[in-house]
C-alpha cells in the first residue's frame, strides 16, 4: 500500500490531492497555477504535498493528472498547424458543419472557428459508397502530389477523413501508410482509427481535434513526465473525459478523449463517495466561482454522452448547437450553468432581476472582498443574509466587508426595485438557485429520473452554501458534504479506475443482424481493450470488459445506449439488447414502440482496470474555524440568531444538530436551514437531512 | 426603474424561466423521438406554451419562421372547439385556419389543473409529405386543394383515447405513413411532457399565481420590446424587391413580381406597411399575413433585440403592426396556394426589413442573406430495397455581411435555422450519391465586409429515375449588398443528363431526374457591406490564399490595379482607388439597381 497523488489544474489554483491507500486519509496542497508553464505548478504542488505528509517517492503508487492543456489549446486557438485530407468534393466539410447557427437572433455572431484553414485542406480522388464498396479507386498519383505538398508546408500533424471510411478503411489506411513512410515522425490521425462512426462532419471534427491538440499534448506530457521522473515518481496517468485514467501512450493515440478532464474528476469523486457511504443514487453538485455543474449517478453508474462540443462560445443550453468543435467521444454527462459565487446580479430593462452569466470571478471579485469589485454578486447576497461570515472567510485569511455588499445590492438592485437590502439579497439567491435547480433538473427529471430518490453530493467552494435550498426545491431528502469540499474534485483523480472506451459503427437492424459478423467486430474491439489492460500490468481479476450498443428505432436519428451482454453473440443476446433499448426509450421519453424494428448504429466496448478501492476520511484534527459562536442569519424574511459551529465540533450521533445552523471550515461553509438537521458520520462526512 | 410586473421580481423570474424550460424540453422530446430526417436531423419544428385563450406565453428556442404564426396555431383550436377535456389532442394544418402551410402540422393539447383549463401546449412540425400529386407536397399548383390534405382543427384524441376515424383518414392521404405515425407520436409525447410540467408548476405555485404570471410574462415582453424600440430613432424607411416567380409556366411564364414595404417607427411602436405589393399570384408563392409577419418579426428581433433579452411570446409583438392589402402576395386569401411562400416569402421579407432599416440604423442591419430555403425533394423507389422513398433537403448559403464583420458562409439565416443532413446518412437512406458538397468561390458579395459564401451540392441519381421538385428564390434577384456592398452570387439549379447535356431549371416546380443524371444546386452567397474598395487588403489576401475569392473574381469584384499592388501593401492599409459606383441611389432603395 502506498500513496496516490492527483493533480487538478484550475484557473487560480493547482490542487494536489494525496490519499493514503491504507487509512483513506486525504490531504490537499494548493499552489498558484502557472499559466505560462502549467508543469511548474504541478511539480511545486506535488513537492509541497509530499513534504507536508512526509511522503517519499518510493511510497507513491499512482500519479494521475487532470489536464486543461487540450481545452486551453482549443479555447485559445493555440493548437498545431495541421493539414486535412478529404474525399474529392468534400474538403469543406469541416467548415460547412451542420449549417445551423449558434444564436438565432445575434446579428453580430462570429462564424465558428475552423481548425484547418481551407488552404491546408486537400482532396483525393477516391470514393467508397454506402454499402462499403469502392466505386472510385484511390488515385495514387494524386496521393503522391498531396504528400509532397504536405511535406512542403511543414505542418505538425495530419488528419485524414474519407467518406464511408467507417465501413471500409482501405483507402484511409493506404493514405496513412504513405504519409508515415514519406514523413516519419509526423503524427497522422485516421478517422477510421479515431472514430469509425457514421456522420462525416462529426467524424472529421473529432479527427481534426486530435491532430490539432496532439502535438501540444505530447510536448506537455513529455516535459511533465521528465520532471516527475526527476522526482523519482512513477509514470503518469491522465484522466479522460469519461472519468477513467489511462497512460500517456493511450492519451496520445486519442487526444480528444482528455478534453473534459477536470470536471470529470469531481463526478468520479462523488461516485466513489457514494460507493463508500452506501448511496448508489447521487446527484453531484459542484459550484465554484463562475459555474455550477451537475451530474447524475444512478446505481453507482455515471452517465456519459457522445454529443459534445469543445471550445467556441457558450453551449450551456442543452439544445442549440454551439460554435465549438464536436467530438464524438464519451464525455461524462453534466449540465453546466453560469452560476457561481462571483455571478453578478443585475436588472434588465424590463425590471426583472437577473443573475449572471457575467461573473466578477477572482478579479475584481465580489464587492465584499474590497478588491475593486463594485457590482453585487451571489457571494455578497450570502454575506448580507448571514449565510457567509460578515467578518472573514478562508479561516480568517480573507477579510470581508459586509457594508460593501450591502451598498452594492442597495444601489444596483434594492433601490431600483423599491425593496430593502435583505429582500433584494433573498431575491438574488432565489434567482441563482433557480438556475442551478435547472441544471439539476436537466440531469435528473429530464432524463426520466425522480430527483427525490437521490442524495445531493455538494462540493466546490460554494456548493454546500446553496445545497440545502436546492434540495428543498427538488424534494431531495439528504445533502452530503465531503471532506475538503473546496478541493474535493482532485480526490476523484486518486480514487478512479483505468478506463478506455472503444467504439465503431455497426449498422444493422437487431432482428436482421448476423451474430457471427457482430461477434467478430466486437472481438476486434475487445482485443484492443484487453491489450490496453495488459500493458497496464493489472491482475486479470481486476480487469473488466463491458459491451453496449447505440440503438434507435429504425427511422429515428438519435441513439440511446443499451447494455449488450458478454459472451458469444446469439439471437437471445440480441433480443435482450432490444428489450433493454425499449425500456430505456420508455424511461427517457415516456413511450416505447416494441413492434418497431430496432436499429443498431454503433457498438461499444469499455475496458476497466480496477485500482484498489479506497475510503475517504476527514482529518478529525481539522482545527475549528476561527468563527463567532453565533450570528444573525435571515430565514423566511426574518433575522434570527443562529449558532455557528466548526465542522469538527458537529455532533456525530444520529440526532445531530437541528437547523438552523451554519457549519464552518477552512475552505467552505455549509448552510443548514430550519427544518433540516446536520450530523457528522464516522468518516467525517456531513449529512444534512430533512427533519422528520 | 419601475418593475413591470405585480408578482415579486424573484418569483416572476423563476416561473418565467420554468415556462421557457418547458418549451425547450418539448423540443428535446420531439427531436429525439421523431422519425423523419427533416425533424430529427434538420430540426424543422417549433414548440410553445399557451394560455387558455390561445395566447402564446413561451416559445421554445425555435425557428424564427414560426414567430409570427405560432400564436395563431392555438387560437384556431380555441375558436373551433368549445368543450375541451383532459386528454384531448387536436391536429390541424390549414393556413386559412391558423396554420402556415399544409406540411406544417400543428398538434395541440390542453393542460388542466384540478379539472380547470390552464392553457395549451403546441408542437408544429414539418412533415416531409402531406399528400398532393408531388412527393414532398411541393408541387407548383394553383389552389390550396392541390397542395395536399387540409386539416381544420380536428380532435385526434378524445379524453386520452385515440380517434381512429381521423387517424386513419390522415394516414391514408400521406406518403410513407409509418414514418408519419412516428412523427405524430413524437409530437404528442412532447405535449404530454409539457402538460405534466405545467401541472407540476401549478401544484407548486398555485394555479392562480401561475395563471397570473403567464399573463405577466407577456406584459413583460411587451414592456421590454417598447423599451428597446425607444432606442431606435423615429423615422421612415422603405424598400422594394422582386421575386423570381411562382413556378407556374403558361400564360404568365413564371414571371417576376414585386414586393414593397415601408417601415414607420414612432416612439415605442413600429408599423410595417406592404401597400403597393403585387396582387397574389397563380402559384404557391402567396403568404398568409401571419407568414409575412414572421419575416418582419425575425428581422426586427435581430435589429432591436440582438442580444435576445426579450422572451418570445404574443406580448412581444403587441408594439408591432403589420399591414398588407388583402389579396396581395403578402396577405393571401383563400383559396390561393401557399406552400412555397412559407419560407421563400418570409425569407424575402426578413431581408427587406434590413434593407429598409438601413436608413434609420445602418450600424444595426446586415446585407441580404441567401434569401431562400433552397429545397430539393427527391422521390421514387429505392433499387436496394424496392421501397418508396421521399427525401426533403434544404441547403444553406451565405449569411449577410455586417457593419463590422464579414458574413458567414453556409449557415442558416434570417427566419431559418434548420440543419443539413449528413451525406453519409442521406446515402444510407436514399438511392443517391452526393458527389460534392462545397463552398462556391466568389459567391460572397464584395464589400468592405465580404458576404458569406454560398454552397454547391450535387446528387447522382442511382439505378432508377427519380421524381424531383425544387423550391428556391434569388435565381434572378441576387442577394443585395448594403451601404455600397455588392450583391452575392444568385442561385442556379440544373440537371446534367446521362448523355452530358445540361438542363437549366426554373427556381420552382417538379422535374424528372433520370437514373445516372446529376442534379446540381448552387445556393446563393450573401451581399457585402460597404464599398468593395474599402476592403482591407490583408483580408483580401487571406481570402485569395484560402480560395474564398479567386484571382479572376478579385479582379472583377474589387479592383485590378489594387489587386496587382496587393503584394506590397501592409496589413490594415486601405485600397486607395474607389470601385465604380453601382448606381445613383434611388428614392426608394431597391434590391436591383436596374429596376428603379
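Binning at 5 angstrom from zero up to the longest distance, how are the C-alpha pair distances of the stretch A:630-690 distributed in percent? All Cα pairs, binned at 5 Å, distribute as 4, 20, 32, 24, 13, 6, 1, 0 percent.
Do me a favour and compute the ellipsoid semi-axes for the stretch A:343-432 from its Cα gyration tensor, root of five times each eigenvalue, largest one first, whole Å.
Rounded to whole Å, the semi-axes are 21, 13, 10.
With the convex hull drawn around the C-alpha atoms of the stretch B:352-407, the volume per residue stands at 78 Å³. From largest to smallest, the equivalent ellipsoid semi-axes obtained for the stretch B:9-224 from the alpha-carbon gyration tensor read 29, 17, 16 Å. Taking only the alpha-carbon positions of the stretch A:501-609 and ignoring solvent, what does the Debye formula give for the base-10 log of I(q)/I(0) at q = 0.11, 0.15 Å⁻¹? Debye curve over Cα of the stretch A:501-609, log10 I(q)/I(0) at q = 0.11, 0.15 Å⁻¹: -0.36, -0.63.
Which percent, nearest 5, of DSSP beta bridges in the stretch A:79-206 are antiparallel? List each step's numbers first, then the result.
Values: 2 of 14 bridges.
Antiparallel bridges make up about 15 percent of those DSSP assigns within the stretch A:79-206.
The Rg/Rh ratio for the stretch B:252-317 is 1.05, where Rg is the radius of gyration of the alpha carbons and Rh is the Kirkwood radius.
The ranking of B:157, B:101 by Cβ neighbour count inside 10 Å, starting from the fewest, reads B:157, B:101.
Compared with the dominant Cα axis of chain A, that is its longest principal axis, helix A:515-536 is turned about 60°.
Please compute the average number of Cβ atoms from other chains found within 10 Å of each residue's Cβ in peptide A:427-438.
So the per-residue partner count for this stretch is 4.
Roughly what percent of Cα-Cα pairs across the stretch A:347-492 reach past 19 Å? Result: 57 percent of Cα pairs exceed 19 Å.
Could you tell me what a quarter of the Cα convex hull surface of the stretch B:312-361 works out to, in nm² with one decimal place?
Values: hull surface 19.4 nm².
Hull-based average projected area comes out at 4.8 nm².
For chain A, what's the relative contact order in percent, using C-alpha pairs closer than 8 Å and at least 6 residues apart? Each step should come with its number before you reach the end.
Values: 1576 pairs, mean separation 85.0, N = 692.
It rounds to 12 percent for chain A.
Of all DSSP bridge pairs formed entirely within the protein assembly as shown, close to 80 percent run antiparallel. Debye-formula intensities of the protein assembly as shown, expressed as log10 I(q)/I(0) at q = 0.04, 0.09 Å⁻¹, are -0.23, -1.26 (one equal scatterer per alpha-carbon, no solvent). Both the radius of gyration and Dmax for the stretch B:65-186 are 14.4, 49 Å, in that order, over alpha-carbon atoms.
Inter-chain Cβ neighbour count for A:345-358, averaged per residue, equals 6 (cutoff 10 Å, partner chain atoms only).
Here, P(r) means the percent of Cα pairs in each 5 Å bin from 0 to the largest distance; for the stretch A:555-692 it is 2, 8, 13, 12, 8, 5, 5, 7, 10, 11, 10, 6, 2, 1.
When only alpha carbons of the stretch A:405-554 are considered, Rg and Dmax amount to 24.4, 73 Å.
Computed over Cα pairs, the Kirkwood radius of chain B leads via Stokes-Einstein (1.306 mPa s, 10 °C) to a diffusion coefficient of 64 µm² per second. With neighbour counts taken as other beta-carbon atoms within 10 Å, the residues A:605, B:375 rank, fewest first, as B:375, A:605. Hey, what angle do you get for helix A:261-277 against the long axis of chain A, alpha-carbon based, 0 to 90 degrees rounded to 10? With both axes taken from Cα atoms, the answer is about 60 degrees. Compactness of the stretch A:1-61 is given as radius of gyration and Dmax, 11.4, 37 Å, from Cα positions. For chain A, the longest principal axis of the Cα atoms and the long axis of helix A:463-474 meet at an angle of about 80 degrees. Report summary: the helix-based calculation at 222 nm, which adds -39500 (n - 2.57) for every DSSP H run with n ≥ 4 and divides by the residues of chain A, gives -9500 deg cm²/dmol. Taking a ≥ b ≥ c as the square roots of the eigenvalues of the Cα gyration tensor of the stretch B:271-398, is the shape rounded (a/c under 1.5), prolate (a/b larger than b/c) or oblate? Verdict is prolate for the stretch B:271-398.
With coordinates expressed along the principal axes, the C-alpha atoms belonging to the stretch B:118-172 extend over 41, 24, 18 Å, beginning with the largest.
Start at zero, step by 10 Å, and the Cα-Cα distances of the stretch A:79-206 spread as 13, 44, 31, 10, 3 percent across the bins.
Using the scaling law 2.2 N^0.38 Å as the reference, what is the normalised Cα Rg of chain A? Could the numbers behind the result be given before it?
Working: Rg = 26.3 Å, N = 692, 2.2 N^0.38 = 26.4 Å.
Against the compact-globule rule of thumb, the ratio is 1.00.
The numbers here are math on the coordinates, done by the rules we state, and not lab data. Note that the coordinates shown come from a computational prediction; the quantities given were computed from them, not determined experimentally. Reconstructed Cβ throughout: ideal geometry from the backbone, glycine too, with neighbour counts over all protein chains shown.
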